[in-house]
Structures are given as C-alpha cells and as structure tokens.
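Okay, so here's the structure we're looking at.
The values are calculated or read from the model by the stated rules, or taken from the named source; none is laboratory data. Worth saying up front: this structure is predicted, and the values here are computed from it rather than measured. Positions of Cβ are backbone-derived with ideal geometry, glycine not excepted, and every protein chain shown enters the neighbour counts. Protein only, heavy atoms only, side chains kept; ligands, DNA and RNA dropped before computing areas. Shrake-Rupley method; radii C 1.70, N 1.55, O 1.52, S 1.80 Å.
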Amino acid sequence: MRVEPGSMIEIQHLSKTFLASDNEIEALKDISLTVRGGDIYGIIGMSGAGKSTLVRCINMLERPTSGKVLIDGIDMGALPPAGLRAARRNIAMIFQSFNLLMQRTCLANICFPLELAGMKKQEAREKALRLLEIVGLPDKAKEYPARLSGGQQQRIAIARALAADPKVLLCDEATSALDPQTTRSILSLIRDINRRLGITVIVITHQMSVVEEICNRVAILENGCVIEEGEVTEVFARPQSAAGQRLVFPEADSEPLSAEAEGRVIRLIFNGAEAAGQPIITQMAIDERIAANILFASTKSIGSRVYGKMLLGLPDNGEITARAIRYLTKCPNVTAEELPAKKPAPSSLQQ
Amino acid sequence: MLNNLLSSDTVREALQILRDDMPFALWETTYATLLATLFAVIIGLPLGVLLVVGEKGGVLPLPSWLIRSLNVLINLLRSIPFLILMIMVIPFTRLIMGTTVGTAASIVPLVIAAFPFVARLAESSLRELNPNIIEAAQSMGASPFQIIVKVMIPESVPSLISNLTIAVTTILGYTAMSGAIGGGGLGKIAINYGYHRYKYLVMLFAVILLILLVQVFQSLGTALSVRLDRRIRQKQGRRRRKSTPTLS
C-alpha cells in the first residue's frame, strides 16, 4: 500500500449531539482520528454506533456540535458555503443505496459532478467515457441505472465519484447491499483505485470481512466512541475491548462449555501463529501420537498469520494432556491451557 | 319535455349548433385550459419548490415566517370556491385584461384558482424524491440552485407530469364553470343553451365534448409520464411486452 507522508484527514475532538424533541442524543463523543494520505481506513461498528454520522461530519453533511475536521489542512467547518462546496468536490462519497440519478443515463450520471463544476459538455463526456472503462462498464453509457444490477450501479457510482478527481473517497456501507461475490469485486475496484490514483479511502462498514479485505488501518466505533484504533493486523489480532472482541470473533460467544466434551479440554489461543491451525494439530498427532478432537474453532487469517482460539478434546489422561500442552506451547505465538474440569454448568451461561 | 328533447326539430337544431358553434367552443376551452395551466405552472411550480426546499432541514432553508405565510396564502386561495373567486377578482381581471368578458379574460381567475393547486401538487411530487439522492448531490458540492434544477425537478418529472394532468382536468372543469359569468367555450354553450333556453340536447353535446377532452388530456398525460419514467416501471413494461408472445 502506498503511504504518502502527512495526514490527509484529521478529526479532532469531534462531538455530535442530536436534539430530539425533549432529550439529547450524543451520537459522537470526542472523536480524534488521523488518516494518512493513501490509507484505506476502515471505520467499523454495529449499527447505531455512529459510523454514518461520523462520515457525514467529514464532509459537513452533518455539522459537528464541537471539534474540527481538517482535510488536507483545510478546516472544513470554517469554510463559507461556496468554499465548502468547492472543498466537497475533493471528497467523493459512495453510498449503500448507490443514489444514482434515475432519470439520467449512466454517462449523464458520471458527467453530473463535472457539470456542477462547470466543465464543457464534450470534455465531460470524454472523461466520463474513460471512467466507464476504468470501472469496467464501457457498454453501459446509454443505459438507465434502473436496468443495471446492484454491483453495476455501484460501479457507476464509483465512476461518478472519481469524475471530479477527488483526494478522498468516503464509502458509506458501500457494499452492504451487495452479495459476497459482488462485494469482493467492488472492494478490489476500490483497492485498485486507491493504488493507481493514490486516493485516500475511508470505508464505513459493519462487516469485518470488508475491513480485512482492503483496509490497512481501522477504528472500532461503539456508542459514539472510538474504542480501538490502529493497524488492522494489530487491532484484529488482539482486540482489547469487549466490543472489539465481539466484532472480531463473533462466534466466541457461542463457545461450547467444556461439559459437553468427554475427557479433558485444552484451549488454544493463536496470537499470530505462522501456520494455519490444522497443521499444528496434525503435526502433534504425528510427532507425539496424540489424537486431538477439535471441539470448537474460531480463527481468522490476517495476512499470513492466524488469530483466534480453538478447543481441543483429549482423552481423560493427565500425562497425555500435559504432553500436549507442552508440545503446543512450543509453537510460536500459540498459548495452550487446560480448561478446568467439567462442572455442571448453570444454564444461564448458555443463553 | 322528453318529446320535446327528441323531436326532429330539436335534434336538427342541436346538430346545427354542434356543427356551427361547437368547434370554436372546443378550441376556446382547450386554449383557455392549456394557457391557464401554463401560467399556473409558471407561478405554482416555483412556489411548490419553495415549500419543499425552504422548510427547516431543506436544501435552502428560508425564514419560517415566510414558509408559514406561503402556506396560509395557498390554503386561503384554495378554500374559496371557484365561482366566488371569479367574482371576487373581477376588478383585478379588468385591470389586467381591460375586460371581464370572454375566454381570454377568464384565464385570469383560472390562473389565480389553479396556481395554489399546482403548488400543492408540485410540493407533493417533490417530496416523493428519495432524500438520499439530494444528499449525494450535496456531497458532490452542488449548490441549492443546482440541486433544484438538476436533481429535484428532473428526477420528479414523471410524478410532476401525472400530477399536472390532474391539474389540467381540474382547470378544464373550472373553464366550463367560468361560462356562467362571461367566460367562453363549451361551458358557456352548455349553460346558455341548457340552463337559459332549455335546450338539453345541446348541453348534452357540450358535456360529451368535455368528457372527451378530459379523456384525451388524461391519456396523453399518463402516456407521457410513463414514457419519461426511466425507473423500474419501464423495465417491467418492457419485460411484460416481451413475455406476452411466449405466453400466448
């Protein structure tokens, strides 16, 4: 990933409070983030965490109650209306619902931001045609958006977003309405654009997979606060907060109780182990002749490393269990421990 | 009376009037309706736009007293029955047209009655627009004026046209009513012959022509609205047309 020096987006102590009829809703609380030029920065959180409000504060579609947003050094909140409109041309945005103009052809949609900027028709047309090539839909110039699939509509929206040569691309749940395969192709298009044009990208999503796929940095948002922030590999490897853990390992809540297993149970924690989980267990079977039963696994590969946890069932034999723990602990970045002996679990734990 | 209605003399006389007077009356009604609609749109559409963009949280928020008084004015004009409104604006009509009699003069009260109606119809059309599309335009740096002219109105065209069709048929009804006090056209013929001279057959002919006019305007409006709608409906229409041969 190309990383240009210096920060492209700086959010400083940003708060946003909505006034409802008789109470105040604090959507964002004292948020400070720095996005460097060339980053693909993920902002992830459950719905209602304030992601959409945050991204709308970046281009002042929502006015922050307090705090500052600097884009390429420009204080967005201090701009007069005309200045803000000019600055917004540098900050393109794509949406979950694509938001294309339904009464315009795809070509005319892509021309729209150029039209706003006062570019000549012919020039705008030529540029739009080039952008249609970039997003892979050169034959859709004369079609109306209603006749396109969701993925195609999002490609047109991306072409439209790129038309004004923005420095920043904001993606507000841009793939949430798409199927997994289309999501992948849209994400790779975004990554491609980031690499080729050096555009800084902010990705708002509730899907872990999206962040894993294209982001290099991530912030986890919960109840209007940034609870974790940093490199994707770091944050996803060792989510510190409860909310972070819930996001990274959503299955972890359903970890089966050891009571279900016959014999002893070992919990393995992968903390960036080099290999995938399977070979370790297989290797143990070959080297130590211990056959372990995988009772539960929730692991993720981030880069070439593995994070997550696994429960192994072993025969009810202290010597074998100790040997297995010794063997597994020798592997780098893996910790192993025996779970306490099975007890009749109170049913409330199981939810 | 019934014998009278269908006696050969009355039929012959009615046909005579149908041939001699109706074509011109039809023309008068048509042009009064269309001209009145045109002026009503010129005044009403911008007001409808203001009602939508000017409200709190709109694209171009205006002082709330302005929006409130605009609403009151529109409601006020809409609550006066057309026949009474026509009489009330007689001095104004005379001021503008120099006369209060004739088809051209009847356009003044028609416009005054129709523009508040058109403003409300335009307002409801513009409110149907998905707010996310406006937000997208704002995110691209569109000015309020650009949003109105390049987004809100073009995107609402199908709905605006079908609502305008409603306005046209309503105004057509008003033109007929204006025949009662000096307006020309089919309404005048229906009232003069039917009400003042008991020639019901002539009135019937005039009414039939009015019905035909409404049908024509409505069909044209609906066809135009569907034709200009680039959204999903057209796609479905095409599909249906394609699938018909295979089904039959």
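B:Ala105 meets all of the listed conditions (1) open to solvent by less than 10 Å² (accessible area, probe 1.4 Å); (2) within 20 Å of B:Val52 (Cβ to Cβ) but one, namely (2). If I filter the range B:134-149 down to residues being in a helix (DSSP H, G or I) and within 7 Å of another protein chain (Cβ to nearest Cβ), which single residue comes out as nearest to A:Ala92 (Cα to Cα)? Looking at the filtered set, the residue picked out is B:Ser139.
Is it the case, given these coordinates, that B:Leu160 is closer than 15 Å to B:Gly48 by Cβ, within 14 Å of another protein chain (Cβ to nearest Cβ) and either open to solvent by 20 Å² or more (accessible area, probe 1.4 Å) or part of a helix (DSSP H, G or I) (or both)?
Values: closer than 15 Å to B:Gly48 by Cβ: yes; within 14 Å of another protein chain (Cβ to nearest Cβ): yes; either open to solvent by 20 Å² or more (accessible area, probe 1.4 Å) or part of a helix (DSSP H, G or I) (or both): yes.
The answer is yes for B:Leu160.
Given the condition open to solvent by 80 Å² or more (accessible area, probe 1.4 Å) and at pLDDT below 80, answer yes or no: does some residue in the range A:293-303 qualify?
Here is the first cut: in the range A:293-303, the ones open to solvent by 80 Å² or more (accessible area, probe 1.4 Å) are A:293, A:301.
Within this subset, residues satisfying the condition of being at pLDDT below 80 are A:301.
Within the range A:293-303 (the criterion being open to solvent by 80 Å² or more (accessible area, probe 1.4 Å) and at pLDDT below 80), the answer is yes, since at least one residue qualifies.
Condition check: open to solvent by 40 Å² or more (accessible area, probe 1.4 Å), more than 11 Å from chain B (Cβ to nearest Cβ) and more than 24 Å from A:Thr200 (Cβ to Cβ). Does A:Glu126 satisfy that? Even if it seems obvious, please write down each step before you answer.
Working: open to solvent by 40 Å² or more (accessible area, probe 1.4 Å): yes; more than 11 Å from chain B (Cβ to nearest Cβ): yes; more than 24 Å from A:Thr200 (Cβ to Cβ): yes.
It is true that A:Glu126 is open to solvent by 40 Å² or more (accessible area, probe 1.4 Å), more than 11 Å from chain B (Cβ to nearest Cβ) and more than 24 Å from A:Thr200 (Cβ to Cβ).
Here B:Ala122, B:Ala104, B:Ala114 are screened, and the one residue that is at pLDDT below 95, in a helix (DSSP H, G or I) and under 21 Å from the mean Cα position of the chain (by Cα) is B:Ala104.
Being open to solvent by less than 50 Å² (accessible area, probe 1.4 Å) and farther than 25 Å from B:Pro144 by Cα is the requirement here; does A:Ile31 meet it? Break it down stepwise before answering.
Values: open to solvent by less than 50 Å² (accessible area, probe 1.4 Å): yes; farther than 25 Å from B:Pro144 by Cα: yes.
Answer is yes for this residue.
Within the range B:108-129, restricting attention to residues that are of a type in the set (D, E, K, R) and open to solvent by 30 Å² or more (accessible area, probe 1.4 Å), which residue is farthest from B:Ala40 (Cα to Cα)?
Restricting attention to the range B:108-129, the residues satisfying the condition of being of a type in the set (D, E, K, R) are B:120, B:123, B:127-128.
Subset that is open to solvent by 30 Å² or more (accessible area, probe 1.4 Å): B:120, B:127-128.
Values: B:Arg120: 11, B:Arg127: 20, B:Glu128: 21 Å.
Ranking the candidates gives B:Glu128 first.
Within the range A:36-53, the set of residues being modelled with pLDDT of 95 or more and not in a strand (DSSP E or B) is empty.
Examine the range B:179-193 for a residue that is open to solvent by 60 Å² or more (accessible area, probe 1.4 Å) and more than 13 Å from every other protein chain (Cβ to nearest Cβ), and state whether such a residue exists.
First, the residues of the range B:179-193 that are open to solvent by 60 Å² or more (accessible area, probe 1.4 Å): B:181, B:188.
Still in the running and more than 13 Å from every other protein chain (Cβ to nearest Cβ): B:181, B:188.
Yes: one or more hits.
Taking the criterion of being assigned to a strand (DSSP E or B) and of a type outside the set (S, T, N, Q), the residues of the range A:54-73 that qualify are A:Gly67, A:Lys68, A:Val69, A:Leu70, A:Ile71.
For a quick check of your reading of the model, give me the residue pairs whose first member lies in the range A:315-335 and is over 18 Å from A:Ile286 (Cα atoms) and open to solvent by 30 Å² or more (accessible area, probe 1.4 Å), whose second is in a helix (DSSP H, G or I) and modelled with pLDDT of 80 or more, with beta-carbon atoms closer than 9 Å and at least 6 apart or on different chains. Sorted first by the residue in the range A:315-335, then by its partner, the pairs are A:Thr335/A:Leu328; A:Thr335/A:Thr329. The residue pairs whose first member lies in the range A:48-61 and is within 13 Å of A:Ile31 (Cβ to Cβ), whose second member is hydroxyl-bearing (Ser, Thr, Tyr), and whose beta carbons are closer than 8 Å, counting only pairs six or more residues apart or on different chains, are A:Lys51/A:Thr205. For the range A:14-30, the condition of being touching a strand residue (DSSP E or B) at 6+ places or on another chain (Cβ under 9 Å), of a type in the set (Ser, Thr, Tyr) and either farther than 26 Å from B:Asn130 by Cβ or without any contact (Cβ under 8 Å) to a residue 12 or more places away in the chain (or both) holds for at least one residue. Scanning the range A:50-89 for residues that are surrounded by fewer than 18 Cβ atoms within 10 Å (Cβ to Cβ), within 21 Å of B:Lys150 (Cα to Cα) and more than 7 Å from chain B (Cβ to nearest Cβ) turns up A:Pro81, A:Ala82, A:Gly83, A:Leu84. The set of residues from the range A:161-195 being open to solvent by 20 Å² or more (accessible area, probe 1.4 Å), more than 16 Å from the chain's Cα centre (by Cα) and under 14 Å from A:Ile214 (Cβ atoms) comprises A:Asp192, A:Arg195. Yes or no: A:Ile158 more than 9 Å from chain B (Cβ to nearest Cβ), in contact with a strand residue (DSSP E or B) (Cβ under 9 Å, 6 or more places away or on another chain), in a helix (DSSP H, G or I) and crowded, with 19+ Cβ neighbours inside 10 Å? For A:Ile158, the condition - more than 9 Å from chain B (Cβ to nearest Cβ), in contact with a strand residue (DSSP E or B) (Cβ under 9 Å, 6 or more places away or on another chain), in a helix (DSSP H, G or I) and crowded, with 19+ Cβ neighbours inside 10 Å - is met. Among A:Ile94, A:Ile110, A:Ile158, which is touching a Cys at 6+ places or on another chain (Cβ under 8 Å) and among the hydrophobic types (A, V, I, L, M, F, W, C)? Result: A:Ile94 is the single residue among A:Ile94, A:Ile110, A:Ile158 that is touching a Cys at 6+ places or on another chain (Cβ under 8 Å) and among the hydrophobic types (A, V, I, L, M, F, W, C). The residue of the range B:80-133 that is farthest from the other protein chains (Cβ to nearest Cβ), among those that are within 30 Å of B:Met152 (Cβ to Cβ) and among the polar types (S, T, N, Q), is B:Ser124. Residues in the range A:129-149 that are within 14 Å of another protein chain (Cβ to nearest Cβ), open to solvent by 70 Å² or more (accessible area, probe 1.4 Å) and not in a loop (DSSP other than H, G, I, E, B): A:Arg147 alone. In the set B:Thr33, B:Thr93, which member is of a type outside the set (Phe, Trp, Tyr) and either touching a residue at least 60 places away in the same chain (Cβ under 8 Å) or in a loop (DSSP other than H, G, I, E, B) (or both)? That would be B:Thr33, the only listed residue that is of a type outside the set (Phe, Trp, Tyr) and either touching a residue at least 60 places away in the same chain (Cβ under 8 Å) or in a loop (DSSP other than H, G, I, E, B) (or both).
Scanning the range A:97-115 for residues being open to solvent by 10 Å² or more (accessible area, probe 1.4 Å) and either in contact with a Pro (Cβ under 7 Å, 6 or more places away or on another chain) or at the interface with chain B (Cβ under 9 Å from one of its Cβ atoms) (or both) gives a total of 7.
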